[in-house]
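Heads up: the structure comes next, in structure tokens.
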Amino acid sequence: MNKIGTRLWIQFGCLGAMLFAAANVWLSLAPVDISPLAEIARNPASKVAAADSPLVSQFDLTEALARPLFSPSRREFEPPPQIVEEQSPPLTPPVSSADVGAPSFSLHGTRNILSRPAALISLSDQSQGEWYEVGQSIDGWQLVSVRPDGISVTKADVARNVRLYDPSEAQNAPH
């Protein structure tokens with residue numbers, strides 16, 4: 001390299017060093033706000049508690065400060081004892097057959113495909129209905145059996161038969 005090239009590199013290097021030093025001086029003189037945000041100051045775990053994590057939502061700063069991380073006398077974390085409340089099962093009065101009314105659903109048809117009987121039942125007048133198999137629950141009633149002319153359901157030891165056709169229409173029903 002010649003003298004002009006060396007001199008040019010030295011000048012650019014000095015200029016770069018001066019710009020770097022000036023930027024550092026400017027940054028050191030600029031005030032930096034390191035105060036906590038007002039929202040976090042009220043509740044330090046408020047932003048983290050939204051994660052619905054029981055460990056994070058029960059964050060207690062006093063517990064952490066009582067056990068400094070790098071102290072030689074640091075004691076291990078002992079979780080607080082959990083209080084388990086035993087809940088007694090709700091008392092339900094015995095249901096008599098007089099208390100159980102007629103089923104509120106409508107039977108629209110029955111089928112038996114591959115030895116799996118099912119009934120087409122709608123829970124309201126506006127619905128088209130769904131197919132229920134033996135053992136399924138229908139509005140609190142348990143489907144016990146499906147026959148070509150109706151179904152049998154039980155609720156609280158009360159059995160009811162729901163016919164597909166009225167007795168007057170039974171003579172016109174398909175067999």
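Being more than 30 Å from Gly150 (Cα to Cα), modelled with pLDDT under 60 and exposed (fewer than 10 other Cβ atoms within 10 Å of the Cβ) is the requirement here; does Asp52 meet it? Talk me through it step by step, then tell me what you get.
On the way: more than 30 Å from Gly150 (Cα to Cα): yes; modelled with pLDDT under 60: yes; exposed (fewer than 10 other Cβ atoms within 10 Å of the Cβ): yes.
Yes: the conditions hold for Asp52.
Starting from segment 117-137, keep only residues that are closer than 12 Å to Ser106 by Cα, then list their pairs with residues that are among the acidic types (Asp, Glu) whose Cβ atoms are within a distance under 6 Å, requiring at least 6 positions of separation or different chains.
Here the result reads Leu123/Asp139, each pair linking segment 117-137 to a residue that is among the acidic types (Asp, Glu).
The values are calculated or read from the model by the stated rules, or taken from the named source; none is laboratory data. This is a predicted model, so every value here is computed, not measured. Virtual Cβ from ideal backbone geometry, glycine too; neighbours counted across all protein chains shown.
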